[in-house]
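Here is the structure we will look at.
The values are calculated or read from the model by the stated rules, or taken from the named source; none is laboratory data. What you see is a predicted model, and the numbers here were worked out from it, not measured in a lab. Because the Cβ atoms are built from the backbone with ideal geometry, glycine has one as well, and the counts that use them run over all protein chains shown. These accessible areas exclude ligands, DNA and RNA; they are computed on the full protein's heavy atoms, side chains included. Shrake-Rupley method; radii C 1.70, N 1.55, O 1.52, S 1.80 Å.
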Amino acid sequence: MADLDAEFDLRSNRLMAAWLHRDAAELKACMARDCLFLFGSTPPVMLDRPSFIAAIERDLVCRGFRFRERSALPHGGCVWFTGHLELEWSVAGTDWSGHFLLTDLWRKSGLRRRWQLAERTMAPLMGDAGFAGAIRALQLWR
């Protein structure tokens with residue numbers, strides 16, 4: 001199990017570093033085409049892969065991150081990775097830095113059979129009605 005924890009810790013760090021450096025090509029390589037980012041706001045809000053990638057180029061800025069208490073667990077042909085994430089970030093210029101519960105679902109891609117993120121849920125350990133509106137404003141399909 002320790003090998004699985006280390007492998008998906010590395011994958012999650014790679015994805016976060018791509019966000020930090022606004023590296024859209026690396027994010028696309030890490031994420032499945034149908035990847036969804038779910039934000040545990042009130043109400044909950046999601047971004048699809050195109051929305052998330054467009055948002056990191058504009059208003060979704062990561063300035064720093066640190067994982068704590070993380071683990072990976074196989075589930076069918078997928079892997080759940082979960083942990084505590086300390087995140088320094090802003091949405092449209094508003095700082096939302098804090099502590100988050102992070103849950104990732106990783107699955108192998110169809111052709112190349114490499115692991116890609118299928119779903120990420122970030123639930124802030126805070127309550128603020130403005131957070132959901134800030135994330136919803138990033139959705140491209142509105």
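Could you please state how large a percent of the accessible area of the chain is carbon and sulfur, counting protein chains only and using a 1.4 Å probe?
On the chain, the fraction of accessible area on carbon and sulfur atoms equals 54 percent.
In square angstrom, what is the accessible area per residue of the chain with a 1.4 angstrom probe?
Here the per-residue accessible area is 51 Å².
Can you tell me how the stretch 1-68 classifies by the Cα gyration tensor, rounded, prolate or oblate, using a/c under 1.5 as the rounded cut?
Prolate is the answer for the stretch 1-68, as a/c is 1.5 or above and a/b outweighs b/c.
Order the peptides 26-39, 66-79, 109-122 from the highest to the lowest mean number of other Cβ atoms within 10 Å of their residues.
Top of the packing list down: 26-39, 109-122, 66-79.
With Kirkwood radius over Cα pairs in Å as the read-out, I listed (1) 15.9; (2) 17.2; (3) 15.2; which label goes with the value calculated from this structure?
Entry (3).
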